[in-house]
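Remarks on the structure that follows.
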Amino acid sequence: MKIKRYEGQYVHEVIAHIREELGSDAVVLHTRWRSPSGLKRLLSRPKVEVWAGIRDEGEPAPAANGAGVEPLASRALALKQALEAHANGAGLEPPATNGHGPAVALAEPPATDADPLMDDILDVASDTGELAMALWTDVNASIARLEEKVDELARAREEKAAQAPAPRLRALLDLGVRADVAAEVVAAAEGKSVSEALLDSFQCTGEVELGGGPKVVALVGPSGVGKTTTLAKLAAHFALVQHARVVLCSSDTKRVGTFEQIRAVGDLMQLPTSAIRPPAEASQRIELARRNSDVVLLDTAAAMPGRDPDWSDLVDMLIAVEPDEIHLVVSATLRAADLAHIVDGFRKALPLRGVVVTKLDESVEPGGLVDLAWRHLTPLSYLGVGPNVPGDLETATPDALLARVWSTRLANLLRE
Ligand code: GDP
């Protein structure tokens, strides 16, 4: 009998190889899996080792059992008993059978070349081999399915990672910056930090310059954004820091208490105040205010572009007054999209000098600020960073804007 060892990755491949080399009569005698040792385990798959045999030419085939195939387990047991008896030198009686014919022949050495013991070994081994082969085929199929699943999961993870925004983009989005602006900022930050990109891009007017004759500065914007408060802060700055002659005016004569508020500020700082009633008296009153001042600060009634009658009143009044500078006041607590919409509406309707962004102290995600500054809709002029007069007003500069962005919880990512 010829016995040979084969090795491969899959049982069915090795069996095919055996059949090809030894023919279809070959039987599998033994199989086992061999795993590489050490680090190689991680890099390579286990291999299957198969021992196969084929009868030599002329070697007689095993005697037929006659009554069909004996169950494998009982035949294996009979074979084992026979082998043990043989090894002990005990009687060489054939082991008991179940009546279907001799399971194993271990009598005196056979008269012919035929070896019944070997035949039976081959027989049992053949059945065992086929059973094992079926099992391994099953196991291999399961392994293949598992490998497929693992590949699928790895692919899904890679796809998810590819779709997830990069950390810089994520940080900007988390700050409330709109997606298109965030993408532009990240693209501009190629090879430098996001902060540097923002710094390069932010445009600011600098503070209102006095000294070239009386100047009328009007504050416009929606209601409640901090126009009157900003006017008081500016008045305090010009009067107390720059020692300029300041006149406070208000054209918001409809809203109850607004002019009283201006008058209270004026009284506190000992500054003259004037109510501007549009449009008939407006021009005349402003002329009077100009004559006695370095700067006239004009508070206006809340209005939104196109929303009549407030808007028409505001425009008529501004035409009469002809301010030297118009600053739009907006609150940082508005959503980025609302802020952009408001600023865009005002800048298209009025010749804005700058935008004052208030309530930065109340805004947790200054995405709207980044958004505004980045889009260059209108340069920023002042930042309101609290309700206190006169302290909580800063002149808008790229550094001051960045400081606001840095003060957020995602600052570190943006600094990278
Ligand atoms: P107006 O209707 O636009 O004139 O707004 P006001 O000046 O009357 O301000 C409305 C509210 O916003 C008031 O309670 C102010 O104290 C508050 N306010 C204005 N500016 C700021 C700011 O920068 N920070 C904070 N926290 N509150 C502000």
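Amide H to amide H distances under 5 Å link residue 329 with 220, 221, 356, where only residues 5 or more positions off or on other chains count and H is placed in the peptide plane. Summarising the amide proton neighbourhood of residue 31: residues at separation of 5 or more, or on other chains, whose placed amide H is nearer than 5 Å comprise 51. Residues whose amide H comes within less than 5 Å of that of residue 245, counting only those at least five positions distant or on another chain, are 294, 295 (H built at 1.01 Å from N in the peptide plane).
Backbone geometry of the range 223-238 corresponds, through the Karplus equation with coefficients 6.51, -1.76 and 1.60 at θ = phi - 60°, to 3J(HN,Hα) couplings of 7, x, 7, x, 5, 5, 5, 5, 4, 5, 5, 5, 4, 4, 5, 5 Hz, x marking Gly and Pro.
Per residue, the accessible area of the range 169-233 comes to 38 Å² when a 1.4 Å probe rolls over the protein heavy atoms. Highest mean packing first, where packing is the average number of other Cβ atoms within 10 Å per residue, the peptides 171-180, 397-406 line up as 171-180, 397-406.
For the range 1-22 versus the range 187-254, the inter-centroid distance based on Cα atoms is 88 Å. Expressed as a whole percent, the accessible surface of the range 171-317 that belongs to carbon and sulfur atoms is 49, based on a 1.4 Å probe.
Using mean Cβ contacts within 10 Å as the protection proxy, how do 215-226, 188-199 order, highest first?
Numbers: 215-226: 21.3, 188-199: 15.4.
Going by the mean number of other Cβ atoms within 10 Å, highest first, we get 215-226, 188-199.
The values are calculated or read from the model by the stated rules, or taken from the named source; none is laboratory data. These numbers come from a predicted model, not from an experiment. Neighbour counts are summed over all protein chains in view; Cβ atoms, including those assigned to glycine, are modelled from backbone coordinates with ideal geometry. Only protein heavy atoms, including side chains, enter the accessible area calculation; ligands, DNA and RNA are left aside. Shrake-Rupley method; radii C 1.70, N 1.55, O 1.52, S 1.80 Å.
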